[in-house]
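As structure tokens, the structure follows; a few thoughts come after it.
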Amino acid sequence: MARTQKKVFGSFFLPGPTEVRPEVLSAMTQPMIGHRVAEMEELIGQIQPRLRAVFGTQRPVYISASSATGLMEGAVRNGARRRVLSLVNGAFSERFFQIAQASGLRADPLEVEWGEGHTAEMLEHALSRGIYDAVTVVHSETSTGAFNPIADLASVTAAAGDVVLLVDSVSGACGAEIRADEWGLDFVLTGSQKSFALPPGLAFGVAQPSILERAKSKKDRGIYFDFLEFERNIQKNQTPNTPAVSLLYALKVQLDSIEEEGMSERLARHRAMAERTWAWCDELGLEVLVKERAFRSPTVTCVRCPAGLTGPQVAAAIRKHGFQIATGYGRMKDESFRIGHMGDHTVDRLEALLDALAKVLKR
Ligand SMILES: *Cc1c(COP(=O)(O)O)cnc(C)c1O
């Protein structure tokens, strides 16, 4: 079976899930341990400081056995009171908006074109109506490659009074800088299968006291994503329910590697891969969907297909060269393709992908 053939690491460039190194995969075959025993508390205790470093926080980092969407729902159900403003610029930010509505809240989208980001001025203007108590935003919009200026947006919500900022950094965290405490991100979440380069199935989140205060007064925050329970348990290095034990083994091994590489080196590597991808687009006369450089994500790039080719055709053709990339997302499926230059990939392997991709596009 082709799938089990040994391959060079650096061939699977989807913007999630991303390629997982063999050492990380094999860590998951260790035997089970109970979840109310000292070994588990020790494991979570070793994981915590390293996770905090990724998020730039002194707060505990919640570990959820769910995909990232679970904590998006948790963010809204614990942190939003009445009326939500959702910054929408692609499929995942649209999902955040829909989650707010599906949680029984009034929500309004502040929409910009796919491929654009939101400025502090736009947010300031929208909040000046004084009707919102929560804002949802996506840091790195994986459907388009757009990158929102989270620190600037957080200053605006902070100045607006009793308004919290709920941040989805699913394809950002661990590939893009986050300083949750310094920037005043009320809640920020991510998933394991993007820049963390882990298998899917875990989500991580950091809540500031502002969110816990709100959670206390929310009677309909549910059980599985009740942040007060996450908080109470993580203080003891525990999780509210049975943790995904095997994934925690993988997480421990991966966080050790991340620490060894160094966060700033890791971020610089992501930046270098992104810059190389954009330069390659320029060389080939290809259009990056996000025009303004300041709004481009360091982890994912969406490229418009040259005339005569569709996203699915490009994705299929590159597989014959031993690489995988993604088509455009949703309504952009045909007109674009996406490269996930995140996780444990290197500029060298990205270069090999881009060489092969240049051949595919020239046909
Ligand atoms: C992948 C992704 C999600 C969804 O994550 P799941 O783990 O599939 O629930 C949400 N937001 C962004 C920006 C993403 O890239």
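The values are calculated or read from the model by the stated rules, or taken from the named source; none is laboratory data. Quick caveat: nothing in here was measured; it's all calculated off a predicted structure. Ideal geometry is used to build each Cβ from the backbone, glycine not excepted, and the neighbour counts take in all protein chains shown.
Does the range 317-332 include one or more residues that are among the aromatic types (F, W, Y) and over 16 Å from S143 (Cα atoms)?
Checked the range 317-332: at least one residue is among the aromatic types (F, W, Y) and over 16 Å from S143 (Cα atoms).
With respect to D344, is the statement that it is under 14 Å from G175 (Cα atoms), more than 16 Å from the ligand (Cβ to nearest atom) and touching a Gly at 6+ places or on another chain (Cβ under 9 Å) true?
Against the criterion (under 14 Å from G175 (Cα atoms), more than 16 Å from the ligand (Cβ to nearest atom) and touching a Gly at 6+ places or on another chain (Cβ under 9 Å)), D344 qualifies.
Test each condition in (1) farther than 28 Å from S217 by Cβ; (2) within 16 Å of the ligand (Cβ to nearest atom); (3) surrounded by fewer than 17 Cβ atoms within 10 Å (Cβ to Cβ) for E113 and report the one that comes out false.
(2)
Name, by its number, the condition in (1) in contact with a helix residue (DSSP H, G or I) (Cβ under 7 Å, 6 or more places away or on another chain); (2) away from the ligand (no atom under 16 Å from the Cβ) that does not hold for I99.
Here I99 meets the rest and fails (2).
Give the residues of the range 169-191 that are within 13 Å of the ligand (Cβ to nearest atom) and more than 8 Å from the chain's Cα centre (by Cα), sorted by residue number.
Of everything in the range 169-191, those that are within 13 Å of the ligand (Cβ to nearest atom) and more than 8 Å from the chain's Cα centre (by Cα) turn out to be C174, G175, A176, V188.
Working only within the range 126-147, note down all residues that are buried (at least 24 other Cβ atoms within 10 Å of the Cβ) and among the aliphatic types (A, V, I, L, M).
Correct list: A134, V135, V137, V138, A146.
Sort through A65, A75, A107 and tell me the only one that's within 30 Å of T327 (Cβ to Cβ), away from the ligand (no atom under 16 Å from the Cβ) and surrounded by 17 or more Cβ atoms within 10 Å (Cβ to Cβ).
A107
On the given criteria, is L255 surrounded by fewer than 24 Cβ atoms within 10 Å (Cβ to Cβ), part of a helix (DSSP H, G or I), touching a residue at least 24 places away in the same chain (Cβ under 8 Å) and within 16 Å of the ligand (Cβ to nearest atom)?
No, not satisfied.
Any idea how many residues of the range 192-203 are near the ligand (Cβ under 10 Å from one of its atoms) and either of a type in the set (F, W, Y) or in a loop (DSSP other than H, G, I, E, B) (or both)?
Qualifying residue count, the range 192-203: 7.
Can you confirm whether the range 38-54 contains a residue that is in a loop (DSSP other than H, G, I, E, B) and more than 30 Å from R106 (Cβ to Cβ)?
Looking for residues that are in a loop (DSSP other than H, G, I, E, B) and more than 30 Å from R106 (Cβ to Cβ), one finds none in the range 38-54, hence no.
Could you check the range 79-110 and list, in sequence order, the residues that are touching a residue at least 60 places away in the same chain (Cβ under 8 Å) and more than 24 Å from E213 (Cβ to Cβ)?
G90, A91, F92, S93, listed by residue number.
In this structure, is L309 surrounded by fewer than 19 Cβ atoms within 10 Å (Cβ to Cβ), among the aliphatic types (A, V, I, L, M) and either at pLDDT 95 or above or touching a Phe, Trp or Tyr at 6+ places or on another chain (Cβ under 9 Å) (or both)?
The answer is yes for L309.
Quick grid of which residues meet (1) among the polar types (S, T, N, Q); (2) in contact with a strand residue (DSSP E or B) (Cβ under 9 Å, 6 or more places away or on another chain):
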{"position": "A80", "(1), (2)": "no, yes"}
{"position": "L85", "(1), (2)": "no, yes"}
{"position": "F97", "(1), (2)": "no, yes"}
{"position": "Q101", "(1), (2)": "yes, yes"}
{"position": "G117", "(1), (2)": "no, yes"}
{"position": "S128", "(1), (2)": "yes, no"}
{"position": "S143", "(1), (2)": "yes, yes"}
{"position": "F147", "(1), (2)": "no, yes"}
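Look through D152, D162 and report the one residue that is away from the ligand (no atom under 16 Å from the Cβ) and assigned to a loop (DSSP other than H, G, I, E, B).
Of D152, D162, the one residue that is away from the ligand (no atom under 16 Å from the Cβ) and assigned to a loop (DSSP other than H, G, I, E, B) is D162.
Can you name the residue in the range 204-224 that is assigned to a loop (DSSP other than H, G, I, E, B) and more than 20 Å from F55 (Cα to Cα) and, of all such residues, is farthest from the chain's Cα centre (by Cα)?
The selected residue is K219.
Quick one: E213 ticks every box in (1) over 29 Å from L25 (Cα atoms); (2) crowded, with 24+ Cβ neighbours inside 10 Å except a single one, so which number is it?
(2)
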